[in-house]
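Below you'll find the structure, written out as structure tokens, and then a few comments.
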Amino acid sequence: MADGGSRRFDGLTTEQKRALAEKMLREKQTRSRMAAPASFIFPPEFAQLRDYFRFDGFKGVADLFFQICDGLNAAHAEIDGRRYLNFCSYNYLGMSGDPAVSAAAKEAIDRYGTSVSASRLVSGERPLHRQLERAIADWVRAEDALLFVGGFSTNENAIGHLMGAGDLVVYDSLIHASIQQGAKLARATVAPFPHNNPEALDKILQRRRGDARHALVVIEGVYSMDGDIPDLPRFIEIAKRHNALLMVDEAHSMGVLGATGRGIGEHFGISPGDVDLWMGTLSKSFASCGGYIAGRADVVEYLRLTAPGFVYSVGLSPPDTAAALAALEQLKAEPERVSTLQARARLFIERARAAGLDTGPSHGSAVVPIMIGSSVKSVLLSRALMERGILALPIIYPAVPENTARLRFFISSTHGVDEIEQAVAATGECLARL
Ligand SMILES: Cc1ncc(COP(=O)(O)O)c(C=O)c1O
């Protein structure tokens, strides 16, 4: 310290010296912060992630992600003029690109424009909104439903608004990021339980339910990494016994599970009122963009009148609303799309297992992982398949632990039997050569 600085301490008590030293340190920090131009400070892990996406060699994935595709994202996709057999799409029932769905979206644009240009509360409401909410509520047999402009933001908004400090949110350890974000926003106490383990949930609730105002249990209808399904009746029983609320995210089960595609509730034949919040996205089986919460009328009304992400956000766009409504109508009229999807998924798993491929815990859904157990091998396999005209993306560390790195296949009702067989055979051959 310079002499001028040290003289400032002369004659001070120990306590005064400490206070002055802290003040001088704070002043120094402020001076150094003010000296550099303002900028965002990124977490150190970001540099590693960025390198991963930029790296131009063996370990990099820049050539696989953010690919610019042309045309529909369906059973086939086009990149740089080449047509690929595609297993990277949530278009489970082929509704995006269906002529009736596209026609409904175009008609809605002609009548209402491309945006409703306001919150629904203040001039944004159009008849299509309530028609779609009523149709979804009837479809999942709930009292009412509310639309949000994104699937992710549906979870964030609903959980973030319905839960609060002093509440407990207990979710599956593989739960989607949107649910974790919702619980964070709510400032609720969070307790993840091991994947698909109702006994572990039971124990958490035994220990912690008593301290919480509300307890909310959140699970998914189909888990998007592994394609497995929770034992819903068991989760209902546990939630009820502990007087906890139950929410099911049907992003990957709506249109996929159940004889007519009504989702996991139909799959298990439960009474729909046993689940407090049914959540779904419009971006998968419903060929659109947005999400919904369906449940008791009083809960939906509370969200409609008070959830900031609904009240202070624009209404769902006319083409998005009309497309989802038309997709739901198509689904009702053509339930064979669901049985075809289920048959194709079964075929994929059967053929893969017969070829010695590890399909993990997937069963009965449209998400099928092929477990590889190495990020590098998964990337190489994805590239080898791409060379053979097949698109299936790797899920690698850090998204999953290194020993569970895999390729993930999304099956669609529009995949042909021969295409499923071709994809499985090519995967087996390419993997054997790595
Ligand atoms: C389980 C789950 N919930 C919510 C979402 C978010 O939906 P969206 O992509 O429609 O915003 C996703 C996205 O894939 C998801 O997998």
>> As I understand it, the dipole of the chain uses +1 on the Cβ of Lys and Arg and -1 on the Cβ of Asp and Glu, about the Cα centre. Which of THR321, HIS129, ALA183 lies farthest toward its positive end?
In response: ALA183
> Quick one: Cα centre-to-centre distance for the range 175-190 and the range 332-374, in angstrom?
Replying inline: 30 Å
> What is the distance, in nm, between label points placed 7 Å from the Cα along the Cα-to-Cβ direction at MET34 and at ARG208?
Replying inline: 4.4 nm
> Normalised by the residues of the range 99-333, what does the relative contact order come to in percent, with Cα pairs under 8 Å and at least six apart?
Replying inline: 31 percent
> How large is the dipole of the range 56-179 about the Cα centre if only Lys and Arg carry +1 and Asp and Glu carry -1, each at its Cβ, rounded to the nearest 20 debye?
Replying inline: 240 debye
> With charges set only on the Cβ (+1 for Lys and Arg, -1 for Asp and Glu), what does the dipole of the chain come to about its Cα centre, in debye to the nearest 20?
Replying inline: 1400 debye
> What does the accessible area per residue of the range 93-158 come to in Å², with a 1.4 Å probe and no ligands, DNA or RNA counted?
Replying inline: 45 Å²
>> Considering the Cα positions of the range 99-333, please state its Rg to one decimal place and its Dmax as a whole number of Å.
In response: 17.3, 57
> What area, in nm² and to one decimal, does the C-alpha convex hull of the range 331-392 cast on average over all directions?
Replying inline: 5.2 nm²
> Using alpha carbon centroids, what distance separates the range 138-159 and the range 9-36, in Å?
Replying inline: 53 Å
> Where in the range 370-401 does the label zone of ASP80 land, with the point 7 angstrom along Cα→C-beta and an amide N cut-off under 13 Å?
Replying inline: 386-389
>> Rounded to the nearest percent, how much of the accessible area of the chain (1.4 Å probe, protein heavy atoms only) is carbon and sulfur?
In response: 55 percent
>> Just want the answer: with Cβ charges of +1 for Lys and Arg and -1 for Asp and Glu, which residue in LEU305, MET254, LEU205 is farthest toward the dipole's positive end in the range 99-333?
In response: LEU305
>> In the chain, if the dipole is taken from +1 on Lys/Arg beta carbons and -1 on Asp/Glu beta carbons about the Cα centre, which of VAL140, GLY227, HIS161 is farthest to the positive end?
In response: HIS161
>> Report, in listed order, any pair from LYS17/LYS184; LYS106/LYS284; LYS106/LYS332; LYS184/LYS332 with a Cα-Cα distance greater than 29 Å.
In response: LYS17/LYS184; LYS184/LYS332
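Over all distinct alpha-carbon pairs, what is the Kirkwood Rh of the range 38-139 in angstrom?
Taking the inverse mean of 1/r over all distinct Cα pairs, the range 38-139 comes out at 18.3 Å.
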>> If packing is taken as the average count of other Cβ atoms within 10 Å, what order do 345-356, 18-29, 82-93 fall into, highest mean first?
In response: 82-93, 345-356, 18-29
> Taking every eigenvalue of the Cα gyration tensor of the range 359-434, multiplying by 5 and rooting it, what semi-axes result, largest first, whole Å?
Replying inline: 19, 16, 10
>> So for the chain, averaging the separation of alpha carbon pairs under 8 Å that are six or more residues apart and normalising by length, what relative contact order in percent results?
In response: 19 percent
> What value, in deg cm²/dmol to 500, does the helix sum -39500 (n - 2.57) over DSSP H runs of n ≥ 4 give at 222 nm once divided by the residues of the chain?
Replying inline: -13500 deg cm²/dmol
> When the Kirkwood radius is taken over all Cα pairs of the chain, what Stokes-Einstein diffusion coefficient follows at 20 °C and 1.002 mPa s, in µm²/s?
Replying inline: 89 µm²/s
>> Tell me the net charge near GLY258. Cut-off is 14 Å between Cβ atoms, GLY258 excluded, with +1 for each Lys or Arg and -1 for each Asp or Glu.
In response: +1
> What percent does the relative contact order of the range 266-373 come to when contacts are Cα pairs within less than 8 Å and at least six residues apart?
Replying inline: 16 percent
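The values are calculated or read from the model by the stated rules, or taken from the named source; none is laboratory data. Here the structure is a predicted model, which means the values were calculated and not measured. Please note: Cβ atoms are built from the backbone with ideal geometry, for glycine as well, and neighbour counts cover all protein chains shown. When the accessible area is computed, the model is the full protein with side chains, heavy atoms only, and any ligands, DNA or RNA have been set aside. Shrake-Rupley method; radii C 1.70, N 1.55, O 1.52, S 1.80 Å.
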